[in-house]
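Asks: Could you have a look at this structure, given as structure tokens, before my questions?
The values are calculated or read from the model by the stated rules, or taken from the named source; none is laboratory data. Treat the numbers as computed from the prediction; the structure is a model and nothing was measured. Because the Cβ atoms are built from the backbone with ideal geometry, glycine has one as well, and the counts that use them run over all protein chains shown. Surface areas here come from the heavy atoms of the whole protein model, side chains and all, with no ligands, DNA or RNA. Shrake-Rupley method; radii C 1.70, N 1.55, O 1.52, S 1.80 Å.
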Amino acid sequence: MSPGRAPFRARCFGLDWRSDFPLLHFDPVGETGSSPDITVEHVDHLPDRVLRKVSPHVYVGQHGLRILHENEASFDVLGGSRILCLPGTGWHGTLPPRFYGTVAALTLASRGALALHASSVVIDGCAWLIGGRPGAGKSLLTSELLGTGALFLADDLSVLRHSKGSPAQAQRGRPTMRLHPASADMLAVDAREPVPEDPRGKHLLRPAARADDRAYPLGGLIVAGGDCHRALDGAEVAVTLAAMVFRPRISARLPNAAERRRALLEVASALPGWRMPPLEGFDAQARTRRVRDALAAVEAMSGAA
């Protein structure tokens, strides 16, 4: 059974997706005739599987995981290449926001990618991660850098791929980002709409300055929310990256967790990092100072690489 015309085709995170549902927050593409990397299938029930509970709503098995949210939709992620979607009692007709966050991130982790709770931009051909605690201003700093010639790569969920002996690369993510209306007013966008379910009143934006759909070598890491401007040593970069893993307790229970942990340590060993103070102030002077400091950090890390 299908909820509408099918299939819908899209690209995101460097992968081709085919879905029984519109993938509203990915980049739509036409039918290519090639096999997709990931399929999203509408089902009337989830198959019987041997699973163990690892969080109130997530169960993990040998070949994937199950994410239960009966009021909206529940998902089975199978082998990192198939996602089964069972609409729930509160189904609104489209894939819920958690599909584009938790479900997508854990699917990518199941495929061996490093899914990080971070934003990212492209500057001078390299990808730069922007991390920090929730509310530290990752999206705000990302948006402010876009006015300087930086290109938008990802917001809130950045995806890295790493092969042993090769530099890490970052993939282009979802085409949208969330910002408070006042910050959104400062950004050149192709589309903008309010997010009804967001209690903070944020808007969903599609930035005009967006990176091309390809992989970019990873340049470094900027962390917002420190006590001062300073470089991070190798141990600090490793700890910070580990803390940025998307849904870390669940990710650690996936069958390939050991391989991803090794990959993360290898990435951290070659990655420069820089800490910035908390992002305070929203006037023009504060914005100019933040951008100047962030670009100075990029320059310092580029010279140290």
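Asks: For segment 160-170, take each phi angle, set θ = phi - 60°, evaluate the Karplus expression 6.51 cos²θ - 1.76 cosθ + 1.60, and give the result in whole Hz per residue in order, putting x for glycine and proline.
Replies: For segment 160-170, the Karplus-derived couplings read 10, 10, 9, 10, 4, x, 10, x, 5, 10, 9 Hz, x marking Gly and Pro.
Asks: Using a 1.4 Å probe on the protein heavy atoms only, what accessible surface does CYS228 show? Give it in Å² to the nearest 10.
Replies: Counting only protein heavy atoms, the figure is 50 Å².
Asks: Could you calculate, for the chain, the ratio of the Cα radius of gyration to the Kirkwood radius, expressed as Rg to Rh? Write out the running numbers ahead of the final one.
Replies: On the way: Rg = 19.2 Å, Rh = 20.0 Å.
Result: Rg/Rh = 0.96.
Asks: Segment 147-283: D in µm²/s via Stokes-Einstein (Kirkwood Rh, Cα pairs, 20 °C, 1.002 mPa s)?
Replies: Values: Rh = 17.0 Å.
It diffuses with D of about 126 µm²/s by this estimate.
Asks: Turning to a different aspect of this structure: Please give the solvent-accessible surface of ARG253 in Å², to the nearest 10, using a probe radius of 1.4 Å with every protein chain present.
Replies: 110
Asks: While we're on this one: Report the local net charge at ALA297: Lys and Arg +1, Asp and Glu -1, summed over other residues whose C-beta lies under 13 Å from its C-beta. Don't skip to the answer; put the middle values down first.
Replies: On the way: positive: ARG230, ARG275, ARG289, ARG290, ARG292; negative: ASP293, GLU299.
For residues surrounding ALA297, the net value is +3.
Asks: Here's something else I'd like to know. Per residue, how many Å² of accessible area does the chain show with a 1.4 Å probe?
Replies: On the way: 14100 Å² over 305 residues.
Normalised by residue count, the accessible surface of the chain is 46 Å².
Asks: Between 0 and 90 degrees, rounded to the nearest ten: what's the tilt of helix 284-304 against the longest Cα principal axis of the chain?
Replies: Computed tilt is about 90 degrees.
Asks: Can I ask one more? Report, in whole Å, the centroid distance computed from the Cα atoms of segment 127-145 and segment 206-232.
Replies: Cα centroid to Cα centroid, the span is 7 Å.
Asks: Around SER158, with a cut-off of 12 angstrom between Cβ atoms, what is the net charge of the other residues, counting Lys and Arg +1 and Asp and Glu -1?
Replies: Working: positive: LYS138, ARG161, ARG172, ARG174; negative: ASP155, ASP156.
Around SER158, the surrounding residues sum to +2.
Asks: For GLU72, GLU197, give the ranking by accessible area with the largest first, probe 1.4 Å.
Replies: Details: GLU72 40, GLU197 100 Å².
Ranked list, largest accessible area first: GLU197, GLU72.
Asks: I'd like the accessible area for ASP124: 1.4 Å probe, protein heavy atoms, all chains in place, Å² to the nearest 10.
Replies: 150
Asks: Once you have all Cα-Cα distances for segment 31-85, histogram them in 10 Å bins from zero and send the whole-percent values.
Replies: All Cα pairs considered, the percentages come to 23, 51, 20, 6.
Asks: Which lysines, on any chain, are close to LYS138 with Cα under 21 Å apart, when same-chain ones fewer than 8 places away are left out?
Replies: Here the lysines satisfying the reach criterion relative to LYS138 are LYS202.
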